[in-house]
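Just below is one structure, and these are the notes that go with it.
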Amino acid sequence: MKKPTPKSSKNSIIKVFVVDDHDLIGIGIKQLFSKTENVKLAGFANSGKEALEKFQLLKPDITILDVYLPDINGSDLIKKIKKNNPSAKIIIHSAYVESNTVVKCFKNGAMGYVPKDSKPKDLLEAIYTVSQGSHYSKGKVSDLLINNYLRNKGKKNILTKRETDITIAVCKGFTNQKIAEQYNISVRTVEAHKANLMNKLKVKNTAELVVYAIKNNIYKIDN
């Protein structure tokens with residue numbers, strides 16, 4: 001990824017809002033920003049409720065938030081912020097986060113992810129990248145996972161309704177017999193559908209079919 005060129009004009013200062021329940025994080029970020037000319041700390045919030053209230057007042061250019069807050073899950077907070085502020089640019093700044101959680105954050109509108117153990121320059125790079133409208137991911141979360149989600153976002157489901165139903169059943173761990181009983185078809189028909197699915201999607205086995213379904217929003221993990 002080519003590092004974006006920071007904006008240096010005094011008229012293009014990037015206002016950053018930090019949401020984290022650890023005060024030391026806010027202090028550290030403030031010190032980091034004090035060494036830059038065009039990135040400034042607009043405000044700090046310790047909870048999701050406080051973040052929603054302050055966001056409307058501050059109207060920040062970038063919001064940096066921890067996924068683990070005392071009163072709300074970070075992915076849900078992102079969704080609430082984006083509901084009333086579709087153009088909000090949000091970066092996840094957390095210790096290791098399980099990959100599915102990160103994808104959910106991106107799905108709800110996050111544009112960047114930076115682990116808390118990253119170097120300060122990585123956080124600044126994320127701010128510059130996201131401020132220019134691009135997505136950014138760094139560290140322990142696979143870039144491939146994020147990029148696959150973003151690339152597939154908005155793609156139409158190419159499966160028929162019956163193929164979709166069977167795919168979801170497979171993701172739930174249903175046996176061929178159970179699928180056959182649920183849809184009142186023969187086991188042989190179920191096997192034929194699964195073979196056609198794998199051929200159409202170019203996947204080799206059931207595990208790859210499940211991965212495809214999750215990445216393409218055919219099956220949601222929290223179902």
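Worth pointing out:
- Using equal-weight Cα scatterers in the Debye expression, the normalised intensity of segment 10-152 in log10 at q = 0.11 Å⁻¹ is -0.34.
- Listed residue pairs exceeding 27 Å between alpha carbons, taken from 89/119; 80/202; 30/215; 104/178; 80/215; 30/220: 80/202; 30/215; 104/178; 30/220
- Highest-first packing order for the peptide set 114-125, 58-69, 200-211 is 58-69, 114-125, 200-211, based on the mean count of other beta carbon atoms within 10 Å.
- Over segment 161-215, all Cα pairs binned in 5 Å intervals from 0 give whole-percent P(r) values of 4, 22, 37, 25, 11, 2, listed from short to long.
- 15 Å beta-carbon shell around residue 56, net charge (K/R +1, D/E -1): +4
- Euclidean distance between Cα centres, segment 161-212 to segment 30-91, Å: 42 Å
- Relative contact order computed over segment 161-215 (Cα-Cα under 8 Å; 6+ residues apart), in percent: 39 percent
Here, each number is a calculation from the coordinates, and none is a lab measurement. Here the structure is a predicted model, which is why all the values come from computation and not from measurement. Methodologically, a virtual Cβ is constructed for each residue, glycine included, from the backbone with ideal geometry; neighbour enumeration extends over all protein chains shown.
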